[in-house]
Amino acid sequence: MTNIRTVLVIGSGAMGSQIAMVCANAGLTVTCTDLDQSALDRAESMLRARMDSTVAKGRMTAEQRDAAFERLTLTTDRDSAARTADLVIEAAVEKLVVKRSLFAELADLAPESAILASNSSSFVPSSMASAVTHPGRFCNIHFFNPALVMKCVEVVRGPETTDDTMVAATAFVEEIGKIPVVLEKEIPGFVANRILGAVRDEALHLLEGGYADVEAIDTACRTALGYPMGPFELMDLTGIDIGYLVKKQRFAESGDPKDQPADTVTRLVERGDLGRKTGRGWYIYSDSGEKQGINQL
Ligand SMILES: NC(=O)c1ccc[n+]([C@@H]2O[C@H](COP(=O)([O-])OP(=O)(O)OC[C@H]3O[C@@H](n4cnc5c(N)ncnc54)[C@H](O)[C@@H]3O)[C@@H](O)[C@H]2O)c1
């Protein structure tokens, strides 16, 4: 059992809503806030549908579901919740200026003993911790999408994060039934997304070098490496534009030509072939989502 009993989650979008529910399911008292009530209403109806389906599948009783919702408050009143929080997890929009100003305010509102954590996928702890007083209490606690399902949570130490913060954040992750992966030193992308990116870059290198086609590379990853789907299938699922924008951002920061998006990726994005969501990406899909063949580059 950790000292963390009361959690404040900032942002009720795809990640924040599910992180809050995971905490409530684990018996913690949780407040989830957003800028306006309509975002919170959307989050609540999505969570109710998901939890109803969990009950229908027999993975939780109706009483457990109801008790979890009793522990979860969705409100725009962020400040009252911040004053009593043991842990704040920020899952707001991925903009550094928004995150820094949120943390500057939260650091003043929350007790000095509270841990301040960001769920950001791309901003490392030091880029946000410098906005807060007592930065030793800051780290990233990085969940994966969908947070209700995915087991891995990366706990990322910044240069100023104290041992106490790391120990408490890691124990919290275990308490909510997730598997912590600790990064002792910050690096953009952390562990899982860096490995994923390295596999994707190699797949693109093999394709663009003419060594093998999209289907062959995906088949090798599935049948030799045991991946549930190949790197091109995964890019189609997550959206080819997402990886493209991450690369653009990284290139803007580093100026290193190897951080540029691959030529084939750029061509697809410029054509609007963004993956399953547009019906065309590396593959072509039918209206019902069936794969129909390789898209010509
Ligand atoms: N989507 C993913 O796959 C994923 C995975 C891991 C981590 N993340 C990280 O999680 C964070 C949120 O991503 P998301 O996909 O949930 O985004 P989202 O757009 O679905 O949700 C963001 C929410 O934050 C709210 N918000 C914006 N500014 C706010 C503020 N000042 N105060 C309170 N709420 C505010 C928005 O209204 C919105 O509801 C990002 O930092 C992202 O890097 C995302």
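The values are calculated or read from the model by the stated rules, or taken from the named source; none is laboratory data. Note that the coordinates shown come from a computational prediction; the quantities given were computed from them, not determined experimentally. Ideal geometry is used to build each Cβ from the backbone, glycine not excepted, and the neighbour counts take in all protein chains shown. Accessible surface areas use protein heavy atoms only, side chains included; no ligands, DNA or RNA. Shrake-Rupley method; radii C 1.70, N 1.55, O 1.52, S 1.80 Å.
Past 25 Å, Cα to Cα, is the threshold; run LYS95/LYS247; LYS95/LYS185; LYS99/LYS185; LYS99/LYS277; LYS99/LYS258; LYS99/LYS248 against it and keep the listed order. Intermediate values should be presented prior to the final figure.
On the way: LYS95/LYS247 16 Å; LYS95/LYS185 22 Å; LYS99/LYS185 21 Å; LYS99/LYS277 29 Å; LYS99/LYS258 28 Å; LYS99/LYS248 21 Å.
From LYS95/LYS247; LYS95/LYS185; LYS99/LYS185; LYS99/LYS277; LYS99/LYS258; LYS99/LYS248, over 25 Å: LYS99/LYS277; LYS99/LYS258.
Measuring with a 1.4 Å probe in the full set of protein chains, what accessible area per residue, in whole Å², belongs to segment 1-76?
Values: 3670 Å² over 76 residues.
In whole numbers, segment 1-76 has 48 Å² accessible per residue.
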field: Carbon and sulfur %, accessible surface of the chain computed with the full protein complex present, 1.4 Å
entry: 54 percent
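Relative contact order of the chain: what whole-number percent is it, with Cα pairs under 8 angstrom and at least 6 residues apart? Present the calculation step by step, with values, prior to reporting the outcome.
Values: 496 pairs, mean separation 36.6, N = 297.
Relative contact order of the chain: 12 percent.
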field: Cα Rg, Dmax, segment 6-183, angstrom units
entry: 15.2, 46
task: Please work out how much accessible surface ARG267 shows to a 1.4 Å probe, ignoring ligands, DNA and RNA, in Å² rounded to 10.
output: 110 Å²
- prompt: When N is the residue count of segment 112-226, what does its C-alpha Rg come to as a fraction of 2.2 N^0.38 Å?
  reply: 1.32
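Classify segment 192-294 from the C-alpha gyration tensor, please: rounded if a/c falls under 1.5, else prolate or oblate depending on whether a/b exceeds b/c.
Numbers: a/c = 1.75, a/b = 1.26, b/c = 1.39.
Since a/c reaches 1.5 but b/c is at least a/b, the shape of segment 192-294 is classed as oblate.
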message: How many angstrom lie between the Cα centre of segment 49-126 and the Cα centre of segment 170-213?
response: 24 Å
field: Crossing angle, helix 163-175 versus the chain [Cα axis fit, 0-90 degrees, rounded to tens]
entry: 80 degrees
- request: Percent of Cα-Cα pairs per 10 Å bin, from 0 to the last occupied bin, for the chain, please list those.
  value: 6, 25, 30, 24, 13, 2
- prompt: Gaussian network model of the chain, Cα springs within a sub-10 Å range: biggest mean-square fluctuation belongs to which of ASN119, ASN140, ASN25?
  reply: ASN25
Cβ crowding within 10 Å averaged over residues, with 147-157, 59-69 ranked highest first: 147-157, 59-69
query: So how tilted is helix 37-56 from the main axis of the chain? Cα-based, degrees 0 to 90, rounded to 10.
result: 80 degrees
task: Classify segment 127-185 as rounded, prolate or oblate from the Cα gyration tensor: take a ≥ b ≥ c as the square roots of its eigenvalues, call it rounded if a/c is under 1.5, otherwise prolate when a/b beats b/c and oblate if not.
output: prolate
message: Just to confirm the number: angle between the C-alpha axis of helix 192-208 and the first principal axis of the chain, 0 to 90 degrees, nearest 10?
response: 10 degrees
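Helix-derived [θ] at 222 nm for the chain: sum -39500 (n - 2.57) over DSSP H runs of at least 4, divide by residue count, nearest 500? Intermediate results must be reported in sequence, preceding the final value.
Details: 12 runs with 139 residues, N = 297.
Value at 222 nm, helices only: -14500 deg cm²/dmol.
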